[in-house]
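The values are calculated or read from the model by the stated rules, or taken from the named source; none is laboratory data. It should be emphasised that the depicted structure is a prediction, and the values quoted were computed from it without experimental measurement. For neighbour counting, all protein chains shown are included, and Cβ atoms are generated from backbone atoms with ideal geometry for every residue, glycine included.
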Amino acid sequence: MNDPSQTPNANSGAADWPLLRHFIAAERGLGARMAKRPATAALYEFIRFGMKQAWACLFGGMMVALLIVTHFYYPQHAALARYDFLFLAALTLQALLLVFRLETFDEAKVIFAYHVVGTVMEIFKTSVGSWIYPEPCLFHIAGVPLFSGFMYSCIGSYLCRAWMLFHFEFKAHPPLPWLAALSSAIYVNFFSHHYVPDMRWLLFAAAALLFARTRVYFINWRSRRWMPLLVGLLLVTTFIWFAENIGTFTRTWLYPNQRQVWSLVSAGKFGSWFLLLIISYTLVALIKKPRERAPVSITAAPHD
């Protein structure tokens with residue numbers, strides 16, 4: 001959705017990554033040329049949105065690519081187990097991203113925090129048989145491969161990068177203490193529902209209530225646009241569900257009904273990932289400190 005007002009922040013999101021700063025001026029020149037005709041302007045904005053999303057998915061995209069490549073091409077009898085290779089590859093990717101400043105310190109903090117949160121839950125969930133990791137490995141805790149925590153971190157990395165690239169601002173954002181309380185309840189429920197009634201429907205209702213009025217404002221090119229934040233979270237959940245299907249198709253992890261013959265991950269897991277996304281979003285929001293949308297003012301159009 002469009003917001004007719006302009007933004008006072010005309011800084012490019014690419015400036016957060018030194019490697020991209022060299023292309024800012026050239027990109028603005030290209031954008032100026034493409035803006036001369038409505039058709040080319042629309043095409044350019046569409047491509048620009050896709051490129052920003054791809055950059056936001058950098059770490060997640062590389063991890064999913066590793067799952068696919070190692071499934072089809074990793075030697076079955078290699079001295080280094082596939083899971084151990086994935087763990088070492090993820091560590092190497094993280095180090096390279098930081099060294100070449102393709103990842104910010106804020107992203108690294110989110111990745112570490114969510115890695116810990118995800119690994120603890122993985123240990124419990126595999127112990128009760130919710131899913132399994134069918135291959136052996138050396139780097140593990142209680143049978144959970146250490147690379148698995150990085151799969152959760154991909155979500156936090158995406159949110160953190162998108163926040164910077166699209167200059168998120170909000171209207172009626174939920175108070176952070178409330179979000180923290182909801183996320184804590186969600187996390188506890190992932191453990192407790194094995195022993196007491198599942199409270200997920202109450203948690204869904206609480207999330208819907210908290211985000212009912214929240215708008216996220218973002219800049220893709222020259223116009224500030226907005227959407228209901230709840231819709232944005234559901235869209236991200238959809239892509240996570242697709243990625244999980246890739247994970248099970250490559251037999252990186254399996255649900256009980258997939259041990260013999262692969263099938264799509266059940267629709268019920270969509271709800272689980274939505275709740276997990278709330279936790280990830282909260283971790284990012286606690287670091288980023290959501291900025292409330294400024295009152296409408298007339299200023300120059302942004303070019304980032």
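Structure data summary
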read-out: Any hit, segment 116-131, residues being small (G, A, S) and under 18 Å from A162 (Cα atoms); value: no
read-out: Test: residue in segment 190-206 that is assigned to a helix (DSSP H, G or I), of a type in the set (F, W, Y), without any contact (Cβ under 8 Å) to a residue 24 or more places away in the chain and surrounded by fewer than 16 Cβ atoms within 10 Å (Cβ to Cβ); value: yes
read-out: Segment 18-66 - residue that is more than 20 Å from the chain's Cα centre (by Cα), assigned to a helix (DSSP H, G or I) and of a type in the set (D, E, K, R) and, of those, nearest to R82 (Cα to Cα); value: R21
read-out: Residue satisfying condition, being of a type in the set (K, R), surrounded by fewer than 18 Cβ atoms within 10 Å (Cβ to Cβ), out of contact with any Leu (no Cβ under 9 Å at 6 or more places or on another chain) and in contact (Cβ under 8 Å) with a residue 60 or more places away in the chain, within set R213, R225; value: R225
read-out: Tally, over segment 202-246, of residues that are over 17 Å from the mean Cα position of the chain (by Cα) and closer than 30 Å to W131 by Cα; value: 7
read-out: Criterion violated by L93 - all others in (1) in contact with a Ser or Thr (Cβ under 8 Å, 6 or more places away or on another chain); (2) buried (at least 18 other Cβ atoms within 10 Å of the Cβ) satisfied; value: (1)
read-out: Criterion (surrounded by fewer than 20 Cβ atoms within 10 Å (Cβ to Cβ) and modelled with pLDDT of 95 or more) met by exactly one of V236, V261; value: V236
read-out: Residue that is farthest from S192 (Cα to Cα) [pool: residues in segment 133-151 that are part of a strand (DSSP E or B) and under 23 Å from the mean Cα position of the chain (by Cα)]; value: P145
read-out: Of residues in segment 242-282 being hydroxyl-bearing (S, T, Y) and assigned to a helix (DSSP H, G or I), the one farthest from W201 (Cα to Cα); value: T248
